[in-house]
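Input: a single structure, listed below in C-alpha coordinates.
The values are calculated or read from the model by the stated rules, or taken from the named source; none is laboratory data. Owing to the predicted nature of the structure, the values given are computational and were not obtained by experimental measurement. Don't worry about glycine lacking a Cβ; one is built from the backbone with ideal geometry, like all the others, and counts go over all protein chains shown. Note: accessible area is taken over every heavy atom of the protein model, side chains too, but ligands, DNA and RNA are not part of it. Shrake-Rupley method; radii C 1.70, N 1.55, O 1.52, S 1.80 Å.
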Amino acid sequence: MSVITSHVMTSWSEIKTLQTDWNPLLEQSDADNIFLTWEWMESWKDTCFADTKLLFIVLKENNKPIAIAPFYIQPYQLLKTLTYQVLRFAGDQGIGSEYSNFIVRKQDSVNLKQQLWQTLLAKQTSSHWDLIWYTNVSSWTTGGQSLITSLQQTPELRLASREVDFANTSLKSLSLSLLPELSKSLRTNIKQTQGYLSKLGEWQVSYCEDPVLLDKSLQQLFELHNLRWQRTGLKGSFQRRPEMATFYQDFTRKALHRGWLRLAELTCDDKTQAVQIGYVYRGQFFALQEGFNPDFQKGTGQVLRYHVMQRCIQEGLTDYDFLGQYTNHKRRWLAKQRNGQHLLIWPNKLKNTLFNFFTIWPTGKYLKPVRLNK
(Lines give C-alpha, C1' and ligand atoms only; values in the text may rest on other atoms or scores of the structure.)
Protein backbone atom coordinates (compact mmCIF):
# COMPACT_ATOMS: atom_id res chain seq x y z
CA MET A 1 0.00 0.00 0.00
CA SER A 2 1.36 3.42 -0.96
CA VAL A 3 2.11 5.84 1.86
CA ILE A 4 1.97 9.60 1.38
CA THR A 5 4.68 11.48 3.27
CA SER A 6 4.87 15.21 3.92
CA HIS A 7 8.03 17.28 3.62
CA VAL A 8 8.74 20.85 4.68
CA MET A 9 11.46 22.47 2.57
CA THR A 10 13.05 25.74 3.64
CA SER A 11 16.24 25.79 1.57
CA TRP A 12 16.60 26.29 -2.17
CA SER A 13 18.99 23.33 -2.36
CA GLU A 14 16.19 21.08 -1.08
CA ILE A 15 13.63 22.63 -3.40
CA LYS A 16 15.89 22.18 -6.44
CA THR A 17 15.55 18.41 -5.99
CA LEU A 18 11.98 18.90 -7.28
CA GLN A 19 13.11 20.40 -10.59
CA THR A 20 12.84 17.25 -12.70
CA ASP A 21 9.36 16.38 -11.45
CA TRP A 22 7.95 19.92 -11.18
CA ASN A 23 6.71 20.65 -14.71
CA PRO A 24 5.39 17.12 -15.40
CA LEU A 25 3.33 17.36 -12.19
CA LEU A 26 2.13 20.83 -13.18
CA GLU A 27 1.18 19.82 -16.73
CA GLN A 28 -1.27 17.14 -15.55
CA SER A 29 -2.68 19.27 -12.71
CA ASP A 30 -5.90 21.31 -12.66
CA ALA A 31 -3.94 24.56 -12.31
CA ASP A 32 -1.42 24.44 -15.15
CA ASN A 33 -0.27 27.95 -16.13
CA ILE A 34 3.00 29.66 -16.94
CA PHE A 35 3.21 31.41 -13.56
CA LEU A 36 3.55 28.04 -11.83
CA THR A 37 6.28 26.60 -14.06
CA TRP A 38 9.67 25.71 -12.63
CA GLU A 39 11.28 28.31 -14.92
CA TRP A 40 9.09 31.10 -13.53
CA MET A 41 9.72 30.09 -9.92
CA GLU A 42 13.46 29.72 -10.45
CA SER A 43 13.81 33.12 -12.11
CA TRP A 44 11.79 34.75 -9.32
CA LYS A 45 14.02 33.18 -6.69
CA ASP A 46 17.26 34.04 -8.49
CA THR A 47 16.45 37.66 -9.30
CA CYS A 48 13.98 39.06 -6.78
CA PHE A 49 14.22 37.54 -3.34
CA ALA A 50 17.52 35.75 -2.97
CA ASP A 51 17.45 36.03 0.84
CA THR A 52 13.77 35.27 1.32
CA LYS A 53 12.72 32.65 3.85
CA LEU A 54 11.09 29.88 1.86
CA LEU A 55 8.47 27.41 3.04
CA PHE A 56 7.53 24.78 0.45
CA ILE A 57 5.19 21.98 1.49
CA VAL A 58 5.59 18.81 -0.55
CA LEU A 59 3.67 15.53 -0.47
CA LYS A 60 5.38 12.46 -1.90
CA GLU A 61 4.21 8.99 -2.80
CA ASN A 62 6.87 6.35 -3.48
CA ASN A 63 9.37 9.21 -3.25
CA LYS A 64 7.70 11.06 -6.15
CA PRO A 65 6.14 14.52 -5.58
CA ILE A 66 2.36 14.46 -5.94
CA ALA A 67 1.57 17.84 -4.36
CA ILE A 68 3.49 21.12 -3.93
CA ALA A 69 2.54 24.29 -2.05
CA PRO A 70 5.23 26.96 -2.66
CA PHE A 71 5.36 29.80 -0.14
CA TYR A 72 7.76 32.37 1.23
CA ILE A 73 7.54 34.18 4.56
CA GLN A 74 6.92 37.93 4.61
CA PRO A 75 6.85 39.74 7.98
CA TYR A 76 3.98 42.20 8.49
CA GLN A 77 3.29 44.60 11.32
CA LEU A 78 -0.13 45.42 12.73
CA LEU A 79 -0.36 49.05 13.85
CA LYS A 80 3.46 49.17 13.75
CA THR A 81 3.49 47.06 16.89
CA LEU A 82 2.61 43.39 16.53
CA THR A 83 4.62 41.37 14.01
CA TYR A 84 3.01 38.60 11.99
CA GLN A 85 4.79 36.02 9.87
CA VAL A 86 2.69 35.92 6.71
CA LEU A 87 2.89 33.18 4.11
CA ARG A 88 2.74 34.49 0.58
CA PHE A 89 2.71 32.53 -2.65
CA ALA A 90 6.11 32.20 -4.31
CA GLY A 91 6.46 34.74 -7.10
CA ASP A 92 3.34 36.70 -6.17
CA GLN A 93 4.80 40.20 -6.19
CA GLY A 94 7.10 42.34 -8.27
CA ILE A 95 7.05 40.30 -11.50
CA GLY A 96 3.47 40.17 -12.78
CA SER A 97 2.57 36.72 -11.49
CA GLU A 98 -1.11 35.70 -11.46
CA TYR A 99 -3.32 32.66 -10.82
CA SER A 100 -1.74 31.32 -7.62
CA ASN A 101 -2.53 27.69 -6.81
CA PHE A 102 -1.16 24.46 -5.44
CA ILE A 103 0.31 21.95 -7.88
CA VAL A 104 -1.18 18.51 -7.26
CA ARG A 105 -2.02 15.23 -8.91
CA LYS A 106 -5.25 15.95 -10.75
CA GLN A 107 -7.32 12.89 -9.86
CA ASP A 108 -6.96 13.63 -6.11
CA SER A 109 -6.98 17.40 -6.39
CA VAL A 110 -9.25 18.50 -3.54
CA ASN A 111 -7.99 15.82 -1.16
CA LEU A 112 -4.33 16.57 -1.81
CA LYS A 113 -4.82 20.31 -1.49
CA GLN A 114 -6.56 19.72 1.83
CA GLN A 115 -3.62 17.57 2.96
CA LEU A 116 -1.29 20.47 2.11
CA TRP A 117 -3.35 22.78 4.32
CA GLN A 118 -3.23 20.19 7.09
CA THR A 119 0.55 19.93 6.79
CA LEU A 120 0.76 23.70 7.22
CA LEU A 121 -1.25 23.31 10.43
CA ALA A 122 0.93 20.52 11.80
CA LYS A 123 3.13 21.24 14.80
CA GLN A 124 6.36 21.10 12.78
CA THR A 125 5.10 23.80 10.42
CA SER A 126 2.57 26.00 12.20
CA SER A 127 5.23 27.73 14.31
CA HIS A 128 6.66 29.29 11.12
CA TRP A 129 3.60 31.37 10.25
CA ASP A 130 0.58 33.31 11.56
CA LEU A 131 -1.41 34.31 8.47
CA ILE A 132 -1.61 33.41 4.79
CA TRP A 133 -2.15 36.13 2.17
CA TYR A 134 -3.08 34.26 -1.00
CA THR A 135 -3.63 36.46 -4.04
CA ASN A 136 -5.09 36.27 -7.55
CA VAL A 137 -6.88 32.94 -7.33
CA SER A 138 -8.66 32.10 -10.61
CA SER A 139 -11.82 30.92 -8.91
CA TRP A 140 -13.69 30.52 -12.24
CA THR A 141 -11.40 27.59 -13.14
CA THR A 142 -11.47 23.99 -11.97
CA GLY A 143 -8.15 24.50 -10.21
CA GLY A 144 -9.31 27.63 -8.43
CA GLN A 145 -12.53 25.97 -7.34
CA SER A 146 -10.71 22.92 -5.98
CA LEU A 147 -8.37 25.17 -3.99
CA ILE A 148 -11.27 27.02 -2.37
CA THR A 149 -13.18 23.79 -1.76
CA SER A 150 -10.14 22.31 -0.02
CA LEU A 151 -10.00 25.37 2.23
CA GLN A 152 -13.68 25.11 3.07
CA GLN A 153 -13.10 21.49 4.05
CA THR A 154 -10.34 22.50 6.48
CA PRO A 155 -12.29 23.80 9.50
CA GLU A 156 -9.15 24.69 11.45
CA LEU A 157 -8.57 27.55 9.02
CA ARG A 158 -10.66 30.70 8.87
CA LEU A 159 -11.07 32.61 5.65
CA ALA A 160 -11.89 36.09 4.37
CA SER A 161 -12.11 36.69 0.64
CA ARG A 162 -12.12 39.75 -1.57
CA GLU A 163 -13.13 39.80 -5.21
CA VAL A 164 -10.56 40.76 -7.81
CA ASP A 165 -11.26 41.16 -11.52
CA PHE A 166 -9.43 39.85 -14.56
CA ALA A 167 -9.98 40.33 -18.30
CA ASN A 168 -9.86 37.78 -21.10
CA THR A 169 -10.69 37.80 -24.81
CA SER A 170 -11.80 34.50 -26.30
CA LEU A 171 -10.28 34.02 -29.75
CA LYS A 172 -12.15 30.85 -30.67
CA SER A 173 -14.83 32.49 -32.80
CA LEU A 174 -12.83 35.43 -34.14
CA SER A 175 -11.78 35.63 -37.79
CA LEU A 176 -8.21 36.39 -38.80
CA SER A 177 -9.22 39.79 -40.16
CA LEU A 178 -10.47 40.68 -36.64
CA LEU A 179 -11.30 44.30 -37.52
CA PRO A 180 -15.00 43.68 -38.29
CA GLU A 181 -15.40 42.29 -34.76
CA LEU A 182 -14.18 45.49 -33.10
CA SER A 183 -16.13 48.64 -32.36
CA LYS A 184 -16.40 51.28 -35.06
CA SER A 185 -14.22 53.75 -33.15
CA LEU A 186 -11.45 51.21 -32.58
CA ARG A 187 -11.57 50.05 -36.20
CA THR A 188 -11.29 53.65 -37.36
CA ASN A 189 -8.39 54.34 -35.01
CA ILE A 190 -6.42 51.31 -36.24
CA LYS A 191 -7.05 52.04 -39.93
CA GLN A 192 -6.15 55.72 -39.61
CA THR A 193 -3.00 55.00 -37.61
CA GLN A 194 -1.84 52.36 -40.09
CA GLY A 195 -2.42 54.87 -42.89
CA TYR A 196 -0.40 57.50 -41.07
CA LEU A 197 2.46 55.05 -40.48
CA SER A 198 2.52 54.17 -44.18
CA LYS A 199 2.85 57.85 -45.09
CA LEU A 200 5.83 58.21 -42.75
CA GLY A 201 7.74 55.37 -44.39
CA GLU A 202 8.20 51.65 -44.03
CA TRP A 203 6.81 50.10 -40.89
CA GLN A 204 6.47 46.54 -39.66
CA VAL A 205 5.68 44.33 -36.68
CA SER A 206 8.37 41.79 -35.84
CA TYR A 207 9.11 39.34 -33.04
CA CYS A 208 12.37 38.82 -31.20
CA GLU A 209 13.43 35.23 -31.86
CA ASP A 210 17.20 35.65 -31.61
CA PRO A 211 18.80 35.37 -28.14
CA VAL A 212 21.54 37.78 -29.26
CA LEU A 213 18.94 40.53 -29.85
CA LEU A 214 16.89 39.86 -26.74
CA ASP A 215 18.61 42.36 -24.44
CA LYS A 216 18.18 45.14 -27.00
CA SER A 217 14.46 44.38 -27.44
CA LEU A 218 13.93 44.29 -23.67
CA GLN A 219 15.68 47.61 -23.27
CA GLN A 220 13.30 49.11 -25.83
CA LEU A 221 10.39 47.76 -23.78
CA PHE A 222 11.75 49.20 -20.53
CA GLU A 223 12.47 52.61 -22.04
CA LEU A 224 9.15 53.02 -23.85
CA HIS A 225 7.12 51.74 -20.89
CA ASN A 226 8.86 54.13 -18.51
CA LEU A 227 8.62 57.05 -20.97
CA ARG A 228 4.89 56.54 -21.34
CA TRP A 229 4.35 56.84 -17.58
CA GLN A 230 6.82 59.69 -17.13
CA ARG A 231 4.69 61.77 -19.47
CA THR A 232 1.82 61.38 -16.99
CA GLY A 233 4.02 62.35 -14.04
CA LEU A 234 4.23 58.79 -12.70
CA LYS A 235 6.85 56.07 -12.56
CA GLY A 236 6.49 52.98 -14.73
CA SER A 237 6.53 49.44 -13.37
CA PHE A 238 10.20 48.93 -14.20
CA GLN A 239 11.17 52.12 -12.35
CA ARG A 240 9.03 51.40 -9.29
CA ARG A 241 10.17 47.77 -9.18
CA PRO A 242 13.70 47.37 -10.60
CA GLU A 243 13.56 43.67 -9.71
CA MET A 244 10.89 43.27 -12.41
CA ALA A 245 13.37 44.28 -15.12
CA THR A 246 15.96 41.88 -13.70
CA PHE A 247 13.38 39.09 -13.65
CA TYR A 248 12.42 39.78 -17.29
CA GLN A 249 16.06 39.62 -18.36
CA ASP A 250 16.40 36.19 -16.75
CA PHE A 251 13.04 34.59 -17.51
CA THR A 252 12.73 35.70 -21.14
CA ARG A 253 15.81 33.68 -22.08
CA LYS A 254 14.21 30.54 -20.67
CA ALA A 255 10.88 31.42 -22.28
CA LEU A 256 12.52 32.00 -25.67
CA HIS A 257 14.24 28.63 -25.43
CA ARG A 258 10.93 26.93 -24.56
CA GLY A 259 9.03 28.70 -27.36
CA TRP A 260 6.84 30.64 -24.92
CA LEU A 261 8.09 34.18 -25.55
CA ARG A 262 6.23 36.66 -27.74
CA LEU A 263 8.15 39.94 -27.69
CA ALA A 264 6.67 42.09 -30.46
CA GLU A 265 8.00 45.40 -31.77
CA LEU A 266 6.44 47.93 -34.11
CA THR A 267 9.14 49.82 -35.98
CA CYS A 268 8.74 52.76 -38.34
CA ASP A 269 11.74 53.77 -40.44
CA ASP A 270 13.87 51.40 -38.36
CA LYS A 271 12.95 53.06 -35.06
CA THR A 272 10.99 51.13 -32.43
CA GLN A 273 7.78 52.99 -31.49
CA ALA A 274 5.86 50.31 -29.55
CA VAL A 275 6.68 47.03 -27.79
CA GLN A 276 4.51 44.35 -26.21
CA ILE A 277 5.66 41.31 -24.26
CA GLY A 278 3.60 38.23 -23.54
CA TYR A 279 3.88 34.47 -23.33
CA VAL A 280 2.13 31.61 -25.08
CA TYR A 281 1.40 28.65 -22.86
CA ARG A 282 -1.10 25.82 -23.21
CA GLY A 283 -2.75 27.48 -26.22
CA GLN A 284 -3.24 30.85 -24.52
CA PHE A 285 -1.53 34.21 -24.85
CA PHE A 286 -0.76 36.03 -21.57
CA ALA A 287 -0.21 39.78 -22.05
CA LEU A 288 2.30 41.04 -19.48
CA GLN A 289 3.59 44.52 -20.33
CA GLU A 290 3.72 47.03 -23.13
CA GLY A 291 5.28 50.35 -23.96
CA PHE A 292 4.88 52.94 -26.69
CA ASN A 293 6.38 56.29 -27.60
CA PRO A 294 3.95 58.94 -26.29
CA ASP A 295 5.61 61.53 -28.53
CA PHE A 296 4.87 59.53 -31.68
CA GLN A 297 1.58 58.96 -33.48
CA LYS A 298 -1.28 58.27 -31.09
CA GLY A 299 -2.74 54.81 -31.64
CA THR A 300 0.54 53.06 -32.48
CA GLY A 301 0.16 50.80 -29.45
CA GLN A 302 -3.32 49.86 -30.64
CA VAL A 303 -1.96 48.86 -34.03
CA LEU A 304 0.65 46.66 -32.39
CA ARG A 305 -1.97 44.93 -30.23
CA TYR A 306 -4.10 44.36 -33.34
CA HIS A 307 -1.25 42.60 -35.11
CA VAL A 308 -0.36 40.56 -32.03
CA MET A 309 -3.98 39.43 -31.72
CA GLN A 310 -4.00 38.50 -35.40
CA ARG A 311 -0.93 36.34 -34.90
CA CYS A 312 -2.58 34.68 -31.88
CA ILE A 313 -5.57 33.77 -34.07
CA GLN A 314 -3.24 32.56 -36.82
CA GLU A 315 -1.44 30.33 -34.31
CA GLY A 316 -4.77 28.81 -33.29
CA LEU A 317 -4.64 30.13 -29.71
CA THR A 318 -7.87 30.02 -27.73
CA ASP A 319 -7.48 33.13 -25.56
CA TYR A 320 -5.80 36.51 -25.30
CA ASP A 321 -5.53 36.89 -21.53
CA PHE A 322 -5.15 40.49 -20.33
CA LEU A 323 -4.71 39.17 -16.76
CA GLY A 324 -5.47 41.48 -13.83
CA GLN A 325 -8.03 44.30 -13.90
CA TYR A 326 -10.95 44.64 -16.24
CA THR A 327 -10.90 48.09 -17.85
CA ASN A 328 -12.80 49.89 -20.58
CA HIS A 329 -9.72 49.69 -22.80
CA LYS A 330 -9.71 45.90 -22.51
CA ARG A 331 -13.48 45.78 -23.07
CA ARG A 332 -12.93 47.53 -26.40
CA TRP A 333 -10.73 44.59 -27.36
CA LEU A 334 -13.68 42.23 -26.73
CA ALA A 335 -12.48 41.21 -23.26
CA LYS A 336 -14.94 39.74 -20.79
CA GLN A 337 -14.66 40.15 -17.05
CA ARG A 338 -13.62 37.24 -14.86
CA ASN A 339 -13.92 37.38 -11.09
CA GLY A 340 -11.20 35.83 -8.97
CA GLN A 341 -10.33 36.16 -5.30
CA HIS A 342 -7.72 37.33 -2.85
CA LEU A 343 -7.77 35.16 0.27
CA LEU A 344 -6.72 36.00 3.81
CA ILE A 345 -6.40 32.79 5.82
CA TRP A 346 -5.62 32.27 9.47
CA PRO A 347 -5.69 29.53 12.13
CA ASN A 348 -7.69 30.11 15.27
CA LYS A 349 -5.05 31.11 17.80
CA LEU A 350 -4.83 33.92 20.34
CA LYS A 351 -2.58 36.12 18.22
CA ASN A 352 -5.21 36.11 15.47
CA THR A 353 -8.23 36.99 17.61
CA LEU A 354 -8.69 40.41 15.99
CA PHE A 355 -9.13 38.78 12.58
CA ASN A 356 -12.12 36.86 13.90
CA PHE A 357 -13.97 40.13 14.53
CA PHE A 358 -12.55 42.69 12.12
CA THR A 359 -11.75 42.67 8.42
CA ILE A 360 -8.08 43.66 8.25
CA TRP A 361 -6.47 43.35 4.84
CA PRO A 362 -2.70 43.27 4.27
CA THR A 363 -3.14 46.06 1.73
CA GLY A 364 -4.56 48.68 4.09
CA LYS A 365 -3.14 51.15 6.58
CA TYR A 366 -3.21 48.85 9.61
CA LEU A 367 -1.38 45.72 8.48
CA LYS A 368 1.72 46.51 6.42
CA PRO A 369 4.67 44.47 5.14
CA VAL A 370 8.10 44.85 6.65
CA ARG A 371 10.57 45.42 3.84
CA LEU A 372 12.58 42.31 3.00
CA ASN A 373 16.28 42.40 2.30
CA LYS A 374 16.99 41.99 -1.39
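Quick check on S146: is it open to solvent by less than 40 Å² (accessible area, probe 1.4 Å), under 22 Å from the mean Cα position of the chain (by Cα), in contact (Cβ under 8 Å) with a residue 40 or more places away in the chain and over 22 Å from P362 (Cβ atoms)?
Against the criterion (open to solvent by less than 40 Å² (accessible area, probe 1.4 Å), under 22 Å from the mean Cα position of the chain (by Cα), in contact (Cβ under 8 Å) with a residue 40 or more places away in the chain and over 22 Å from P362 (Cβ atoms)), S146 qualifies.
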Restricting segment 353-368 to residues that are free of Cβ contacts under 8 Å to residues at least 60 places away in the same chain and of a type in the set (F, W, Y), which is surrounded by the fewest Cβ atoms within 10 Å (Cβ to Cβ)? F357
Of (1) small (G, A, S); (2) part of a loop (DSSP other than H, G, I, E, B); (3) over 21 Å from Y99 (Cα atoms), S29 satisfies all except one. Which? (3)
Residues of segment 153-176 being open to solvent by 70 Å² or more (accessible area, probe 1.4 Å) and within 15 Å of A335 (Cβ to Cβ), which ones? K172, S173
Filtering segment 177-212 down to residues that are surrounded by 13 or more Cβ atoms within 10 Å (Cβ to Cβ) and on the phi > 0 side of the Ramachandran plot yields L178
Return a yes/no flag: does segment 72-89 have any residue that is open to solvent by 10 Å² or more (accessible area, probe 1.4 Å) and either within 23 Å of Q249 (Cβ to Cβ) or hydroxyl-bearing (S, T, Y) (or both). yes
Among the residues of segment 257-273, are any out of contact with any Phe, Trp or Tyr (no Cβ under 9 Å at 6 or more places or on another chain), part of a helix (DSSP H, G or I) and not basic (K, R)? yes
Out of all the residues in segment 89-107, which are over 9 Å from the mean Cα position of the chain (by Cα) and in contact (Cβ under 8 Å) with a residue 24 or more places away in the chain? F89, A90, G94, N101, F102, I103, V104, R105, K106
For the structure I just gave you, tell me whether R338 is in contact with an Asp or Glu (Cβ under 8 Å, 6 or more places away or on another chain), touching a residue at least 12 places away in the same chain (Cβ under 8 Å) and either within 30 Å of A160 (Cβ to Cβ) or open to solvent by 20 Å² or more (accessible area, probe 1.4 Å) (or both). yes
By residue number, the members of segment 113-141 that are assigned to a helix (DSSP H, G or I) and either free of Cβ contacts under 8 Å to residues at least 24 places away in the same chain or more than 22 Å from I34 (Cβ to Cβ) (or both) are Q114, Q115, W117, Q118, T119, L120, L121, K123, Q124, T125, S126
Across segment 280-332, which residue is least open to solvent (accessible area, probe 1.4 Å) among those that are assigned to a helix (DSSP H, G or I) and among the polar types (S, T, N, Q)? T300
Which numbered condition R262 fails, given (1) in contact (Cβ under 8 Å) with a residue 60 or more places away in the chain; (2) farther than 17 Å from Q194 by Cα; (3) among the charged types (D, E, K, R); (4) open to solvent by 10 Å² or more (accessible area, probe 1.4 Å): (1)
Of the residues W117, W140, which is under 24 Å from the mean Cα position of the chain (by Cα), open to solvent by 70 Å² or more (accessible area, probe 1.4 Å) and either of a type in the set (A, V, I, L, M, F, W, C) or at positive phi (or both)? W140
Those residues of segment 213-245 that are outside any helix (DSSP H, G or I) and either modelled with pLDDT of 85 or more or open to solvent by 40 Å² or more (accessible area, probe 1.4 Å) (or both) come to a total of 6
